[in-house]
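Following: one structure in structure tokens, then a few remarks.
Read the figures in this text as sums done on the coordinates, not as results from a lab. Keep in mind that this is a model prediction, so the values were computed, not measured. Here the Cβ positions follow ideal geometry from the backbone for every residue, glycine too, while neighbour counts run over all protein chains shown.
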Amino acid sequence: MPSTTTDDEVRLHWEETGRGAPILFIHEFGGDHRSWAPQVERLSDRYRCITYDARGYPSSDVPTDPAAYSQQRAVADAIAVMDAAGVRLADVVGNSMGGFAALHLGLSHPGRVRSLVVAGCGYGAHSEQADAFRADALAIADEYDRKGAESVAASYGSRPARQQLQLKNPAAYAEHLRILAEHDPVGAALTMRGVQAARPSLYALEGVLTAMSVPTLLLVGDEDHEAIQANLMLRRTLPDAGLAVLPRSGHLTNLEEPDLFTALVEGHHATVDRRR
């Protein structure tokens, strides 16, 4: 399988399936490149689907230096994968942690991004949530240190916003838990501390968000309560954004409603094509 090495000597595992216009998928904290399997299956006959494991997630390297993990590094890693794949301009799709990375990619490298789909983005972004979110993220990191990935998978995977997947598709939920349990505990803990807990609030970025011209589809489940308000703010703030709220859906919308999620992605791309 292909890989690339970043400027700080971290090897990133990436995969591609299909031919056509490139889509770069960026996974959430609880997943890895396999979490996009439903979208790759549905889109690879028309698109070149590129997935990768973030640093700290095998089969990518797991740096042990805490300084190797940050929101800025997550963005740089996405660019490194695009460069390795020979992709100058891509449509980018990210969920949760990957949604934050996608949004920051549009902010810092708008010339590399044709469009964005930002799903499940916003937990901890509001000032009223920030302290509780950071405390929670640091507690999860400590749990990885003390108990390991399998133990965290049982508790993290049972959080309310992940239960809709279990109700809708028990087999997909079981696969989600299996991937969670395979996380590297060192990489997961450092990701929680360096990327999740330390990322800037979206509300502190409103000034630069008003200037981001990349066409963006915001996507959130109506039962993903921690993310809804931030998505409403982003819809008001971004100059070229639409918002889709999926009914009876939680945090893992691409797994809970794969057909609807994929249709929304394609519809967004078709809109961008027409406007261009």
Task: Projected label distance in nm at Glu206 and Ser70, using a 7 Å step from Cα toward the beta-carbon - done: 2.6 nm
TODO: Starting from the Kirkwood radius over alpha-carbon pairs of the chain, derive D by Stokes-Einstein at 4 °C in a medium of 1.567 mPa s and give it in µm² s⁻¹.
DONE: 70 µm²/s
Open item on the list: Apply the a/c threshold of 1.5 to the C-alpha gyration tensor of the range 55-163 and tell me whether it is rounded, prolate or oblate.
Closed with: prolate
Task: Most to least packed among 135-143, 200-208 [average Cβ atoms within 10 Å] - done: 135-143, 200-208
Task: Debye, to nearest 20: dipole size of the range 8-69, +1 on Lys, Arg Cβ, -1 on Asp, Glu Cβ - done: 360 debye
Open item on the list: Between Ser59 and Leu89, what's the calculated FRET efficiency when r is the beta-carbon distance and R0 is 25 Å? Round to 0.05.
Closed with: 0.40
Task: Label-point gap, in nm, between Asp273 and Asp8 - each point 7 angstrom along Cα→Cβ - done: 3.9 nm
TODO: Let me know the charge dipole size of the chain about its Cα centre in debye, to the nearest 20, where only the beta-carbon of Lys, Arg (+1) and Asp, Glu (-1) is charged.
DONE: 740 debye
Open item on the list: Just to confirm my numbers, what's the Cα centroid distance between the range 17-66 and the range 73-94 in Å?
Closed with: 11 Å
TODO: Please check which bits of the range 196-231 a label hung off Leu167 would reach, taking the label as a point 7 Å along Cα-to-C-beta and the cut-off as backbone N under 12 Å.
DONE: 222-224
Task: Isotropic mean projected area of the C-alpha convex hull, the range 125-273 (nm²) - done: 9.3 nm²
- [ ] Among Gly187, Gly250, Gly86, determine the one that fluctuates most according to a GNM of the chain built with springs between C-alpha atoms less than 10 Å apart.
- [x] Gly86
- [ ] Can you bin the range 8-70 into rounded, prolate or oblate? Criterion: square roots of the alpha carbon gyration tensor eigenvalues sorted a ≥ b ≥ c, rounded for a/c under 1.5, prolate for a/b above b/c, oblate for the rest.
- [x] prolate
- [ ] Mind jotting down a quarter of the surface of the convex hull over the alpha carbons of the range 134-193, in square nanometres, one decimal?
- [x] 3.8 nm²
Task: Loop-located chymotrypsin sites (Phe, Trp or Tyr not before Pro) in the range 16-111 whose Cβ has at most 10 other Cβ within 10 Å (DSSP) - done: none
